[in-house]
1. For B:GLY237, what residues show an amide H to amide H distance below 5 Å, using hydrogens built from the backbone and excluding near sequence neighbours?
2. Distance from the Cα centre of the stretch B:164-195 to that of the stretch B:11-40, in angstrom?
3. Taking only DSSP H segments of four or more residues, each worth -39500 (n - 2.57), what value at 222 nm results for chain B once the sum is divided by all its residues, to the nearest 500 deg cm²/dmol?
4. Between copies, how far does the label point of A:SER169 sit from its twins, in nm, shortest first, when each point is 7 Å from Cα along Cα→Cβ?
5. Which distances, shortest first and in nm, link A:ARG107 to the matching position in the other copies, using label points set 7 Å out along Cα to C-beta?
6. Taking a virtual spin label 7 Å from the Cα of B:ASP102 along the C-beta vector, which residues in the stretch B:1-45 bring their backbone nitrogen under 18 Å of it?
7. Angle check, please: helix B:203-215 long axis (alpha carbons) against the longest principal axis of chain B (alpha carbons), in degrees 0 to 90, nearest 10.
8. Can you compute the modelled spin-label distance between B:ASP197 and B:GLN216, with each label point 7 Å from Cα toward Cβ, in nm?
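Please treat every number below as a calculation from the coordinates, not as lab data. Since this is a predicted model, take the numbers as computed values, not measurements. Using ideal geometry, Cβ is built from the backbone for each residue, glycine included, and neighbour counts are taken over all protein chains shown.
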There are 2 protein chains.
Amino acid sequence: MKILLTLSYLGTDFSGYQVQKNARTVQGELNAAARSLFGYDCDITGCSRTDAGVHANMFCAAVTKKGESYLETHISEDKIPAAMNAHLPADVSVERAEWVSDGFHPRYDVKFKEYIYKIYNRPARNPFTEGRAWHITYAIDEGTIERMNRAAQHFVGKHDFSAFMASGSTVESTIREVKYAEVTKKGDEIVFKVAADGFLYNMVRIMTGTLVAVAQGKIAPEEIPCIISSCDRQRAGMTAPAEGLYLNRVVY
Amino acid sequence: MKILLTLSYLGTDFSGYQVQKNARTVQGELNAAARSLFGYDCDITGCSRTDAGVHANMFCAAVTKKGESYLETHISEDKIPAAMNAHLPADVSVERAEWVSDGFHPRYDVKFKEYIYKIYNRPARNPFTEGRAWHITYAIDEGTIERMNRAAQHFVGKHDFSAFMASGSTVESTIREVKYAEVTKKGDEIVFKVAADGFLYNMVRIMTGTLVAVAQGKIAPEEIPCIISSCDRQRAGMTAPAEGLYLNRVVY
């Protein structure tokens, strides 16, 4: 059996999820906390790799003894969150811990993941959303949200999303199935929500940049299917900044 | 004529609003920005003095030429917010600027101010509310919110609030009129909202600490009138931490 952690983190001060030399990472902090708590070196396997500045409202990671497929501990699972948090910095928090089988894989066993991308839409910046949303100063009205939403609907379904992958990335298959995609506005906050069985590198950020190009009238909603089928990164919009992106839900 | 700025700030990295030697303050940042923008030394007069770590969703401050009761500039008022923000750090933002008469005083002319105090109520901490809410781990249920609310209603009206003032403070009168007070819970967030014609030093934080004592069953809602009339700081609850407090609205 291994322990599956459900956690959240504010990405601002992390150089992303994955361990790197000489950089502060979420995985690095989890590694150090698990070693302190369980008393030996552990492997931490995450459900995803998020980039520098990207946040997670929900993230799952399995803890195993280093080099093994299991974890040994006398600490009961309901005590693990508070015990881990005592060893973790304030910008990461473990919400839940549960035993899962040795064969469980936090990344490969994901049924679908949901991301949200937040835009703060108002002329003056907001000190409370700095680093937590993309600040867009020109007004995006209800009619424009409706157009962005029409564009987003074209993402839904099973497609080759190469046009929405950072150039230079290599991956076995660029086909992904988007389950739903939606743009909503509440007050000054615009949220793009999208779920898929998997995401290519920078896919949500390029989708967001493309929806913003739709808002600016540079791309028409009806062009999205052509952009997808072109498989040409140049046809899609810019890569939206990392700070607005949140891994929001992981479903097994 | 002087310029009245409406602004907001994240208090986390400030040693409070008011200028101090060798400390980063909101007033200090506004001073430096105004000097850069208008080209001469200015006086900045705020509507209030907030402590280190306290936030403002809305704060008002008047800008005048140093030692004078007026400001001279050719910059139009609708251009001032963006121009000020270009000179200000990311954790403070000017939302609006308007001309007001020489006689206008941002502090003395306030009709009432509204504060909110945020509590994050869940066992595990939340990386997104760290420094922005008081984390209380034990569950505060709907029945308890109702009791806190009953207690809060006793604050409403014109009272001598000495029991809710930091000991050692000196002030001409300790009588204040609370217009409304309310405790609500939405998901994991509990909000105490209170408005008055003025507030004594630490008044909202002591009120919050008292409401939390009510939640813990240490103080009964019916005891609040006795605590108020005792004028005894020892009878009220603890001073809640600064991080949950927000100046939320200023009405002239």
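1. The answer is B:THR210.
2. So the separation of the two Cα centres works out to 27 Å.
3. Value at 222 nm, helices only, nearest 500: -6500 deg cm²/dmol.
4. So the distances to the same position in the other copies read 5.4 nm.
5. Spacings between copies for this position, smallest first, are 5.8 nm.
6. Those under the cut-off are B:1-4, B:42-45.
7. It is inclined by approximately 30 degrees.
8. The modelled label-to-label distance comes out at 3.4 nm.
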